[in-house]
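Every read-out reported here was derived from the displayed coordinates using simple, explicitly stated rules and does not represent laboratory data. Please read these numbers as outputs of a predicted model, since none were measured by experiment. Reconstructed Cβ throughout: ideal geometry from the backbone, glycine too, with neighbour counts over all protein chains shown.
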Amino acid sequence: MKIYDPTKNDSLGQFRGGGRIIQMLRENLETEAEFVADFNLVNQDDTLLVPFWKPFEAPILEKMIAKRQILIIFDVIPLKYPSHFPPGIKGKLNLWRNKQALKNYDRIITISEHSRDDIIQHLGIGDDKIAVVYPTYTNSFASSKTAEKKTSTAPYCLYVGDANWNKNLVNLARAIKIADVKCLFVGKGFKNLEHDHEAMGHPELAELRQFLHEVQGDERFVFKGYVSDEELAGLYHEARCNLLISRDEGFGLSYLEAATQKCPSVLSDIKVFREIGDDSAIFADPEDPAKIALGIKKYFSDIAFREKMGNLAFSHSKKFSPKIFGDKILATISSL
């Protein structure tokens, strides 16, 4: 089996976003697969796995070059909310090309039942062509040993992710203010906040502009930018809670990473988080900052409850173990 990996020379790409799934594949299928950055290395009798799909960019592959071809699609959130993810003329053309290219894949793998339903609705792919394989945690989160060293003394909550509209950052900021707690923000989207906020005129950044206005000059908001997985594990380990109150998601990886470090989460009460989190988190209406704040304050004020929910999340994380992930990927491919 060949797995397409264009991130080999991209240190950040290997650890976040599309590169995260490649990291999972590398750690769990190293002996079963060969990772290639050049399609010329793929033979006609190979099985090829393409691990990500970007609907508004040029198709990664537009023809059959292997005997069996499998594509991973995380979600179709940009297609569900076009006013918040405007594709432009070029993006619309690329979307048409990407939809045509889907015919060249024998199987689509996605990361939740929720995403599967969205793919059926928005891409018109039959249910029998889609397999759900939940993501796993990477080696850095496989134990809490990486988190033994303290990285902070002041209590804080944690947000890990990007700054897209669906992340619901404005309501998150308002909830943090109501709860009156410190929050650390980790992600490349928060790397260069010193530039002129008003210069970010793209419609996709409207929510980010409003968020930056909400938090400007407020010391309760601390922006870490990108951090290593080892440091991130430590931040989860010490945080009172992880926050992920998205309007929509394909899965919600920060919930799982936090759970491996016995860090409980406040999650938005949406379908996908009920699917992956079950009863191991506090759920809140994503459009109600006051209710989100109640969940945050519960973890800060009731340490016994925080510990109980952290242990529950940790136990639940075992349902997404690396072995289960690797076995399901291989089983999906073998079924073709």
| remark: The value for the chain (convex hull of the alpha-carbon atoms, volume per residue, Å³) is 133
| query | With point charges of +1 on the Cβ of Lys and Arg and -1 on the Cβ of Asp and Glu, referenced to the Cα centre of the chain, which listed residue (178, 242, 208) lies farthest in the positive direction of the dipole? | reply | 242
| Which of 262/323; 2/54; 90/224 have a Cα-Cα distance over 23 Å? | 90/224
| remark: The relative contact order of the stretch 139-319, taking Cα pairs under 8 Å that sit 6 or more residues apart, comes to a percentage of 27
| What spacing in nm lies between the two simple spin-label points modelled at residue 58 and residue 302, each 7 Å away from Cα in the Cβ direction? | 5.5
| Computed label-point distance, nm, for sites residue 100 and residue 65 using a 7 Å Cα→Cβ extension | 1.8
| query | How large is the charge dipole for the chain, taken about the Cα centre, if only the Cβ atoms of Lys, Arg (+1) and Asp, Glu (-1) carry charge, to the nearest 20 debye? | reply | 120
| remark: Quick shape check on the stretch 30-156: root eigenvalues a ≥ b ≥ c of the Cα gyration tensor, a/c under 1.5 is rounded, otherwise prolate if a/b tops b/c, else oblate, and it reads oblate
| query | Taking K and R as +1 and D and E as -1, what net charge do the other residues with C-beta under 10 Å from the C-beta of residue 56 add up to? | reply | +2
| task | Would you mind calculating the relative contact order of the chain from Cα pairs under 8 angstrom and at least 6 residues apart, reporting the percent as a whole number? | result | 17
| note | The extension gain from residue 154 to residue 290, computed as 0.36 nm times the residue separation minus the Cα-Cα distance, is 46.7 nm
| query | Between residue 84 and residue 269, how many nm apart are label points set 7 Å from Cα along the C-beta direction? | reply | 1.9
| query | What order, most packed first, do the peptides 238-244, 67-73 have when packing is the mean number of other Cβ atoms within 10 Å of each residue? | reply | 238-244, 67-73
